[in-house]
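The values are calculated or read from the model by the stated rules, or taken from the named source; none is laboratory data. If you're wondering where the values come from, they're calculated on a predicted model, not measured in any experiment. As a convention, Cβ positions derive from the backbone with ideal geometry for all residues, glycine included, and neighbour counts pool all protein chains shown. Protein only, heavy atoms only, side chains kept; ligands, DNA and RNA dropped before computing areas. Shrake-Rupley method; radii C 1.70, N 1.55, O 1.52, S 1.80 Å.
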Amino acid sequence: MLTHASPYCSSAGRPFRADPKTMSLVALVASTTRARAATAAASRTALIRRGVRMYTTEAPVQPAAAEAPRPSKWARRLKWTAYAAGAVAVVGGVLAYRHHPMPQQEPDPTKKTLLVLGTGWGAISLLRRLDTSEYNTIVVSPTNFFLFTPLLPSVTTGSLESRSIITPIKYFLRFKPFGIKFVEAESTQIDPASKTVEILDSGEVHGAITKTRLPYDYLVIGVGAESQTFGIKGVREFGLFLKEIRDARKIRTRLMDCIETAAFPGQPDDEIRRLLHMVVVGGGPTGVEYAGELHDFLRGEVDKWYPEIAPHLKITLIEALPHVLPMFSREMIEYTEKSFADMNIDLLANTAVQEVRAKELVVKDTKSGATREVPYGMLVWATGNTMRPVIKDLQARFADKGQSNRRGLVVDEYLRVAGMPDVWALGDCTATAFAPTAQVAAQQGTYLARQLNDLARTNRTGNDILATCPPFDYKHRATLAYIGDERGVSDVSLPFWSNMVSFAGYQSYLFWRSAYLSNLYTLRNRALVAFDWTKEKLFGRDISRE
């Protein structure tokens, strides 16, 4: 019997011993056969696995798609031309609408008459949000435009043109669904007893009628304030104010007049120094910003175009308090005063003006009491606000009703004037706990518009206005000032941070510009201001004398 273990076999069944060579050949054939079988099995397994992956988990490999041909240069140009044409069409449509407003509906004569005095921050903020369908609205103001006062110092030196920061009042009134009547006149007397206001045509051209009275059901007083002189002799005769657009034009003319007079041939040195000494009285935001703008103009333009008199240029800022910018944080005050020292702007703190003369002013040191004379060529007075004559007259007649505050009309938390029914007041003509700033007046106007809108609705249902309208709550956002040499100071209130955030320098200057640019009411003003700033960078400021 043949077994795998036995090395012997025979065809007849008899055992025999195999040849060693034969045995080695048999072993070689057997090993080769096993290797081929293993290779074939592995190949079959690999094919099966590959087939499984092909039909169950992996998508078949697709041939790469041919790359799309790139559009030609003319096709690309045509596409961008179409985009530009679409943008121009949109802008053109907006501009066409602005120049061709839709017809307005006539006011309902059965509605109550709302009389608004003024076109400042408070009045404009009110009119923009007022529902004119609820009132017969009349606006009275001696100026037929709104002035963006924070940028007024820039007009004095030619950084901005005056037309860039004013907006005609019609731009606000003409796009209301119901018409608002505007009368260019000055309010001279308010009579709450008869509910009338006397107005006077204060223009240069007069017609047959120059004075009349307008009746009202509701009255909003937003006439602003005048520059405060504290009764100092000579201020109104020889000083220049910075409150209205005409004031900025006067300052610009006087500035160039002083420079040209100082450059007159044969002018004595002491007279040149006097003419080129520019004095600013008042260390608030207006005075500080004007001093900064004046520094930029003198060092950027006069140094270049009038080198023979440039060494005599001098700027002095006079402030009765120990420091400038009292409404700013301590760090910003210190930065401003240090920057003024770096820019060679003389700061006379604790100094009060006693008298203003044609060519010099008398000042007094509030600490030592010593007085001295300061020669000057131009004097800009920016010391604060006082009541206008119409407000003084109204206050005098209602002194027994609590109207005795020297700052302005006394109002309650709903902006209602004390002792006068159906009369509200807002802005600089009022005496409140808030600073007389544009930010306060604008928020008051927004609040009062909502209150008057609610009043018109609640009258139809018989509800009390006080039950639906909360008291006025001022929310301070930021205090900004430009101090010259592309530097600014900023105190910003963030909604998610309890403390005020303060920063100064070039980044504050950029923030100051961007904040004011975004707060301009119309696209027209934003475009004009941005263009003026670009023009100043490219070509400098205008030095012509108007």
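Give me the pairs, please: first residue somewhere in the stretch 474-499 and of a type in the set (Gly, Ala, Ser), second residue anywhere and in a strand (DSSP E or B) and open to solvent by 60 Å² or more (accessible area, probe 1.4 Å), beta-carbon distance under 7 Å, and either six or more positions apart or on two chains.
Short answer, once both residue conditions are applied: Ser493/Met500.
Among the residues of the stretch 303-315, are any closer than 30 Å to Phe264 by Cα, within 27 Å of the chain's Cα centre (by Cα), at pLDDT 95 or above and not hydroxyl-bearing (Ser, Thr, Tyr)?
Checking the stretch 303-315: not a single residue is closer than 30 Å to Phe264 by Cα, within 27 Å of the chain's Cα centre (by Cα), at pLDDT 95 or above and not hydroxyl-bearing (Ser, Thr, Tyr).
Filter the stretch 411-443 down to residues that are in a strand (DSSP E or B) and either assigned by the TED database to the domain that holds Tyr521 or open to solvent by 40 Å² or more (accessible area, probe 1.4 Å) (or both), then give me how many there are.
Summing the residues that are in a strand (DSSP E or B) and either assigned by the TED database to the domain that holds Tyr521 or open to solvent by 40 Å² or more (accessible area, probe 1.4 Å) (or both) in the stretch 411-443 gives 1.
For the condition under 21 Å from Lys364 (Cα atoms), at pLDDT 95 or above and more than 23 Å from the chain's Cα centre (by Cα), what is the one hit in Val288, Val281?
Val281
With (1) under 30 Å from Leu415 (Cβ atoms); (2) surrounded by fewer than 20 Cβ atoms within 10 Å (Cβ to Cβ); (3) of a type outside the set (Val, Ile, Thr) as the list, and Arg273 as the residue in question, which single condition is left unmet?
The one condition Arg273 does not meet is (1).
Can we say Pro436 is at pLDDT 95 or above and at negative phi?
The answer is no for Pro436.
Only one of (1) at pLDDT 95 or above; (2) open to solvent by 20 Å² or more (accessible area, probe 1.4 Å); (3) outside the structural domain of Val288 (by the TED database) is not met by Leu517, so which one is it?
(3)
Taking the options Thr196, Thr210, Thr253, name whichever one is out of contact with any strand residue (DSSP E or B) (no Cβ under 8 Å at 6 or more places or on another chain) and of a type in the set (Ser, Thr, Tyr).
Result of the check over Thr196, Thr210, Thr253: Thr253.
Condition (residue is open to solvent by 40 Å² or more (accessible area, probe 1.4 Å), within 28 Å of Val423 (Cβ to Cβ), in a loop (DSSP other than H, G, I, E, B) and among the small types (Gly, Ala, Ser)) applied to the stretch 225-243: is it met by at least one residue?
So far as the stretch 225-243 goes, no, none of its residues is open to solvent by 40 Å² or more (accessible area, probe 1.4 Å), within 28 Å of Val423 (Cβ to Cβ), in a loop (DSSP other than H, G, I, E, B) and among the small types (Gly, Ala, Ser).
For Asp400, are the conditions met, namely being at pLDDT 95 or above and open to solvent by 20 Å² or more (accessible area, probe 1.4 Å)?
Criteria not met by Asp400.
From the list Lys475, Lys537, pick out the single residue that is over 14 Å from the mean Cα position of the chain (by Cα), at pLDDT below 95 and part of a helix (DSSP H, G or I).
From the options Lys475, Lys537, the qualifying one is Lys537.
Kindly indicate whether Leu294 is open to solvent by less than 20 Å² (accessible area, probe 1.4 Å) and in the same structural domain as Ile345 (by the TED database).
Spelling it out, Leu294 is indeed open to solvent by less than 20 Å² (accessible area, probe 1.4 Å) and in the same structural domain as Ile345 (by the TED database).
So, in the stretch 266-299, how many residues would count as being of a type outside the set (D, E, K, R), farther than 18 Å from Val324 by Cβ and part of a helix (DSSP H, G or I)?
So the answer is 4.
Mind listing whichever residues of the stretch 328-343 are farther than 24 Å from Lys364 by Cβ and touching a helix residue (DSSP H, G or I) at 6+ places or on another chain (Cβ under 8 Å)?
Hits for the stretch 328-343 are Phe328, Met343.
Do any residues in the stretch 190-208 that are part of a loop (DSSP other than H, G, I, E, B) have Cβ atoms under 6 Å from those of residues that are of a type in the set (Phe, Trp, Tyr), where the two are at least six apart or on different chains, and which pairs are they?
Close Cβ pairs satisfying both conditions: Lys195/Tyr216.
Every residue, every condition in (1) modelled with pLDDT of 95 or more; (2) surrounded by fewer than 16 Cβ atoms within 10 Å (Cβ to Cβ); (3) β-branched (Val, Ile, Thr); (4) farther than 22 Å from Gly292 by Cα, yes or no:
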residue	(1), (2), (3), (4)
Gln451	no, no, no, yes
Thr468	no, yes, yes, yes
Phe496	no, yes, no, yes
Ala530	yes, yes, no, no
Ser544	no, yes, no, no
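Find the residue count for the stretch 312-345, including only residues that are farther than 14 Å from Ala382 by Cα, of a type in the set (Val, Ile, Thr) and crowded, with 20+ Cβ neighbours inside 10 Å.
3
Going through the stretch 184-209 one residue at a time, which ones are touching a Gly at 6+ places or on another chain (Cβ under 9 Å) and either surrounded by fewer than 15 Cβ atoms within 10 Å (Cβ to Cβ) or not polar (S, T, N, Q) (or both)?
Passing the criteria: Glu184, Ala185, Pro192, Asp201.
Considering only residues of the stretch 380-397 that are in a loop (DSSP other than H, G, I, E, B) and at pLDDT below 95, which is surrounded by the most Cβ atoms within 10 Å (Cβ to Cβ)?
Filtering first and then ranking leaves Thr383.
Quick test for you: out of Gly369, Gly377, pick the one residue that is open to solvent by less than 60 Å² (accessible area, probe 1.4 Å) and without any contact (Cβ under 8 Å) to a residue 12 or more places away in the chain.
Just one listed residue meets the conditions, Gly369.
Which pairs have Cβ atoms under 9 Å, sit 6 or more apart or on different chains, and link a residue in the stretch 266-284 that is farther than 30 Å from Thr437 by Cβ to one that is among the basic types (Lys, Arg) and open to solvent by 20 Å² or more (accessible area, probe 1.4 Å)?
Arg273/Lys314; Arg274/Lys359; Leu276/Lys314; His277/Lys314
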